[in-house]
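S.K.: Pasting a structure below so you can have a look.
The values are calculated or read from the model by the stated rules, or taken from the named source; none is laboratory data. Just so we're clear, the structure is a prediction, and the values are computed from it rather than from any experiment. Using ideal geometry, Cβ is built from the backbone for each residue, glycine included, and neighbour counts are taken over all protein chains shown. For accessibility, only protein heavy atoms count, side chains too; no ligands or nucleic acids. Shrake-Rupley method; radii C 1.70, N 1.55, O 1.52, S 1.80 Å.
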Amino acid sequence: MSVTLRKMTLDDLEQVVAIDQVSFSLPWPPRSFRFELTDNPASRCWVVDMDGLVVGMVVAWLIVDEIHIATIATHPDFRKQGIGEKLLSHTLQSAKDEGAVSSFLEVREGNAAAIMMYHKFGYVESGRRAGYYKDNDEDAILMTLTMLTR
Ligand SMILES: CC(C)(COP(=O)(O)OP(=O)(O)OC[C@H]1O[C@@H](n2cnc3c(N)ncnc32)[C@H](O)[C@@H]1OP(=O)(O)O)[C@@H](O)C(=O)NCCC(=O)NCCS
C-alpha cells in the first residue's frame with residue numbers, strides 16, 4: 001500500500017467534504033473548501049492519500065508568522081493509525097519552513113482525542129471562548145504552540 005502526504009487539489013474535494021461531514025457536527029459548506037483551494041492565498045491544505053483514497057485532511061492558514069489550524073480530520077475508518085499526527089506534523093514543519101514561529105487553534109472542550117494529540121505536539125491551553133460552538137453551546141479551548149526556531 002502506498003501512503004502519501006500531498007497537497008489537496010480540487011479533485012479531492014468530494015472525498016474531503018465527505019470526511020468533514022462524518023467528522024464534525026457543524027461541517028463546512030463544500031464551497032468553503034473550494035474557496036480555500038482557489039481563492040485564499042493564506043491557505044495551506046494537505047491530504048493523506050492511501051492508494052488514491054483520501055483518508056485525512058487538514059486546512060491551515062499561514063498568517064504572517066503564525067499557522068492557524070482551521071480544520072483537521074481523519075476518516076473514521078482510519079483513525080488511531082498515525083494519520084492525524086502525520087498531517088499535523090507536516091503542516092507545522094512546512095509552515096516553519098515558510099517562517100512560522102507559532103501555531104494556534106480552537107478545539108471543543110469535550111474533544112479529548114484532538115486535545116490529546118495537540119498536547120502531544122506541545123500545544124498548551126491559552127484561552128477559552130464560552131459557548132463558541134452554536135450547536136450545543138460548547139466552549140472552545142484556544143491552544144497555542146510556540147515552535148522552537150533554530
Ligand atoms: C483528532 C483526530 C484528527 C486524530 O486523528 P488520528 O488519525 O486518529 O490521530 P493519530 O492516530 O495520529 O493519533 C495521534 C494522537 O492523538 C491522540 N488520540 C487520537 N485518537 C485518540 C483517542 N480516541 N483517544 C485519545 N487520544 C487520541 C493520541 O495522543 C494519539 O497519539 P498516540 O497514538 O501516541 O496515543 C481524529 O480523531 C478526528 O478526525 N476527529 C474528528 C475531527 C476532529 O475532532 N478534529 C479536530 C478538530 S479541533
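S.K.: Can you compute 3J(HN,Hα) from phi for each residue in region 54-67, using the Karplus curve 6.51 cos²θ - 1.76 cosθ + 1.60 with θ = phi - 60°, rounded to whole Hz and x for Gly and Pro?
M.R.: These are the phi-based 3J(HN,Hα) values: 7, 10, x, 8, 9, 10, 9, 10, 8, 10, 6, 10, 10, 10 Hz.
S.K.: Here's another thing I want to ask about it. Which far-off residues, 5 or more places away or on another chain, put their amide H under 5 Å from the one on T71, with H placed in the peptide plane?
M.R.: Long-range HN contacts for T71: V59.
S.K.: While we're on this one: What FRET efficiency, computed as 1/(1 + (r/R0)^6) with R0 = 25 Å and r the Cβ-Cβ distance, is obtained for E14 and D65, rounded to the nearest 0.05?
M.R.: So the FRET efficiency works out to roughly 0.15.
S.K.: Relative to the Cα centre, what is the charge dipole magnitude of the chain, using +1 at the beta carbon of each Lys and Arg, -1 at the beta carbon of each Asp and Glu, and rounding to the nearest 20 debye?
M.R.: My answer is approximately 300 debye.
S.K.: Determine the percent antiparallel among the DSSP beta bridges restricted to the chain, to the nearest 5.
M.R.: Among the beta bridges of the chain, antiparallel pairing accounts for roughly 90 percent.
S.K.: May I pose another question? Using only the alpha-carbon atoms, what does region 74-150 span along each of its principal axes? Please give whole angstrom values in decreasing order.
M.R.: Extents along the principal axes, in whole Å: 41, 32, 17.
S.K.: Continuing with this model, one more query. Hydropathy at least -1.0 by Kyte-Doolittle, axial extent at least 18 angstrom from the Cα trace: which helices of the chain, defined as entire DSSP H runs, fit?
M.R.: Length and hydropathy pass: 83-97.
S.K.: Sorted by mean Cβ packing within 10 Å, highest first, what order do the peptides 38-47, 67-76 take?
M.R.: Ranked by mean Cβ neighbours within 10 Å, highest first: 67-76, 38-47.
S.K.: Can I ask one more? Considering every Cα-Cα pair within the chain, what fraction, in whole percent, is farther apart than 29 Å?
M.R.: 11 percent
S.K.: So, by mean Cβ neighbours within 10 angstrom, what's the order for 98-105, 52-59, 132-139 with the highest one leading?
M.R.: 52-59, 98-105, 132-139
S.K.: Using a probe radius of 1.4 Å on heavy atoms only, what accessible surface per residue do you get for region 32-116? Whole Å² is fine.
M.R.: 45 Å²
S.K.: Quick one: pull the percent of accessible area on region 3-146 belonging to carbon and sulfur, 1.4 Å probe, ligands and nucleic acids left out.
M.R.: Carbon-and-sulfur percentage of accessible area, whole number: 53.
S.K.: While we're on this one: Given points 7 Å out from each Cα along the Cα-Cβ axis, report the N40 to R79 separation in nanometres with one decimal.
M.R.: Modelled inter-label distance: 2.3 nm.
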